[in-house]
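Notes for the one structure printed next.
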Amino acid sequence: MKASEKGHVLLRLFLSTLYLSTFTFGGGYVIVTLLKDTFVDKYHWIDEEEMLDLTAIAQSSPGAVAVNGAIVIGFKLAGFPGVIASVFGAIIPPMVILSLVSLCYTAFCTNPLIAAMLNGMKAGVGAVIVSAVWDMGSSVLQTKDRVGVLIMLLSFCLSCFGGVNAVYIIFCTAAFGMLRALCHELRQKNPLSQSRFRGFSDMFRNLHKEN
């Protein structure tokens, strides 16, 4: 990438994260959706699968999801300078807005118009989060990977109905994914074990047909 092109990407990256961070209300999950709309759908700098991976990294890392998401996308697009540009774009708006709000905290807390506005925004934020879940869940379903779909559904049930901490779910699914990838790689490198595995599978299938 030429210096002029890289400078253009850095400027776009900074302005995009600055804009998204300025007009994002409702937490990091909302900005993840807007990052996808901007960098996947609008600029086509990364694809849907990469966005899923980057979101998983941002969610499983310590710190705010919005800043983590900006870091991983910035590094993916422009390396360390991209990290600096995207992080500054992500943290400047909330820092300025919260500084101003803190000066008028009493007026904001007691103002019924502000309270009504925040209550109305909750419905919009919920809709945006549902939209993000739908888009990312659809991407997993499109892979037609039964194990991946099963993990997604199991993780949802554990988090929504079982009350399991999201951190434990992410670490467990990450460990399972690594183990699965290692097993697949070993089978690829050792065709003998792969043929034995197929032989056992065929034997059990034939026994099932006979019964």
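Odds and ends about this structure:
- Modelled FRET efficiency - R0 41 Å, C157 with C104, Cβ distances, 0.05 increments: 0.40
- Note that the range 106-185 carries a Kirkwood radius of 15.7 Å, evaluated over its alpha carbons pair by pair.
- Most tightly packed first, judged by the mean number of other beta-carbon atoms within 10 Å of their residues, the peptides 133-141, 50-58 read 50-58, 133-141.
- Put simply, when 33-42, 68-77 are sorted by average Cβ atoms within 10 angstrom per residue, most first, you get 68-77, 33-42.
Every number in this text was worked out from the coordinates using simple rules, so none of it is lab data. Source: prediction; values computed, not measured. Every residue, glycine as well, gets a Cβ built from its backbone with ideal geometry; the counts of neighbours run over all protein chains shown.
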